[in-house]
1. For region 188-303, what size does the Cα cloud have along each of its three principal axes, sorted from largest down, in whole Å?
2. Exposed loop sites here are trypsin sites (Lys or Arg not before Pro) in DSSP loop states with at most 13 other C-beta atoms within 10 Å. What is the longest stretch of the chain lacking them?
3. If ILE57, ILE249 are ordered by their accessible area, calculated over protein heavy atoms with a 1.4 Å probe, which sequence runs from highest to lowest?
4. How large are Rg and Dmax for the chain when calculated on the C-alpha trace, in angstrom?
5. When the C-alpha atoms of region 111-185 are aligned to their principal axes, what extent does each axis show, in angstrom, from largest down?
6. Sorted from largest to smallest, which semi-axis lengths in Å does the alpha carbon gyration tensor of region 1-133 give for its equivalent ellipsoid, taking the root of 5 times each eigenvalue?
7. Does anyone have the angle between helix 253-266 and the longest principal axis of the chain? Alpha-carbon axes, 0 to 90°, nearest 10?
8. Name the longest site-free stretch of the chain, where the excluded sites are GluC sites (Glu not before Pro) in a DSSP loop with no more than 13 other beta-carbon atoms within 10 Å.
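The values are calculated or read from the model by the stated rules, or taken from the named source; none is laboratory data. Computed from a prediction, not measured in an experiment: that's the story for all the values here. With ideal geometry, Cβ positions are generated from the backbone for all residues, glycine too; neighbour counts draw on all protein chains shown. Keep in mind that these areas ignore ligands, DNA and RNA; they rest on the heavy atoms of the full protein, side chains included. Shrake-Rupley method; radii C 1.70, N 1.55, O 1.52, S 1.80 Å.
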Amino acid sequence: MALLSERVLNMATSATLAMAAKARELRNEGKNIIGLSLGEPDFNTPDFIKEAAIEAINDNYNSYTPVDGYADLKEAIINKFQRDNQLTYEASQIVVSTGAKQSLANIAMVLLNEGDEVILPAPFWVSYSDIVKLAEGVPVQVTTSIETDFKMTPKQLEAAITPKTKMIWFSSPCNPSGSVYSEAELRALAEVLEKHPNIYVVSDEIYEHINFTKEHFSIARIPSMYDRTITVNGVSKAFAMTGWRIGYIGAPTAVARACNKIQGQVTSGANCIAQRATIAALGASKDKIQYMMDEFLKRRDIVLELLRDIEGFNVNTPEGAFYVFPDVSSFFGKTLHGTIINDATDFSMYLLEKANVATVTGVAFGNPNCIRISYAASEEQLRAAIQQIKDVL
């Protein structure tokens, strides 16, 4: 019997992937499961991006890539940061990785020492906490609520800071809540951080373009934050390129070089064809992907209308990403068709087994009162899923 490390034994399995696996298992048993659990666009990668990949194959891109990315891809990322975020980076500040998840893991490994604390406004993306723990850091959850649209206040941030605080990680637009921090809200958080100059900020902006406020703001634009912010992004969500696995960072030079160093010992450079395709994606006008954003907004409004018609669901209006994060705590302590609902995990499993709808428990995101519903699915599927949920409740 293999003696596994404490590191892996103490690590949680990704709840989103676990629910997807459970849904596949039930489908194999013949059940018609509607999957609203994965954070993956249901669109195909746009043709102009696929054509760039085909061209790269025909041009014989097949060799190892530079650890931190092709020079012309890094130039495309620099141009994207300048155009979309008014952020100025040099090539030495850019690192391309195998998905934004690897970017986050790199950051944790190069900045955290044992016992360093990382503030996580909850709800947070499911992997943040375990990535921090893997790097021997200590995740510090700051609980938010639906009443504040799941956003951390400056007062909460100040209260969470200790002498051991090394970083704060957050996403905007947020997975799982869909919340978007405004410029004013980020400036208010920056005022707190200005009193603590040794704290780094990790700003996960992977859902940047799926933003219904039309006003995405990067915290690194604030002059006092630029030299201590690592901006994480990628092409998975807005460009429907989840399987292409390309993420990237813009960071202080010392941090970027350290990420390059550690990546060189773990995976080396990202896939050559995917990098060439990403150049096409980042260089394109946002008009080329607007049809997806318009569809996500339409679906959001449909889902909100239908969920608000179900007694017991407390739903706010998310301003970005493609999730709703309803508070379902009104069902806790009740027995539904013989099933006792103690928490969001029970509720999510109940919906899977009784309504044939896969969602994700909010426990995995640091919020035990909510479930995450992805509306990256067709309107027909969404209407059917919510009707099925309503029927079993």
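1. Principal extents (largest minus smallest coordinate, Cα): 43, 39, 25 Å.
2. On the way: sites that count: LYS31, LYS164, LYS195, LYS214, ARG308.
Longest run free of exposed loop sites: 32-163.
3. Details: ILE57 100, ILE249 5 Å².
Descending order: ILE57, ILE249.
4. 20.8, 62
5. Principal extents (largest minus smallest coordinate, Cα): 34, 24, 20 Å.
6. So the three semi-axes of region 1-133 are 31, 26, 17 Å.
7. Roughly 70 degrees between the two axes.
8. Working: sites that count: GLU29, GLU90, GLU114, GLU194, GLU215, GLU311.
Looking at the chain, 216-310 is the longest stretch - no exposed GluC sites (Glu not before Pro) with at most 13 other Cβ atoms within 10 Å.
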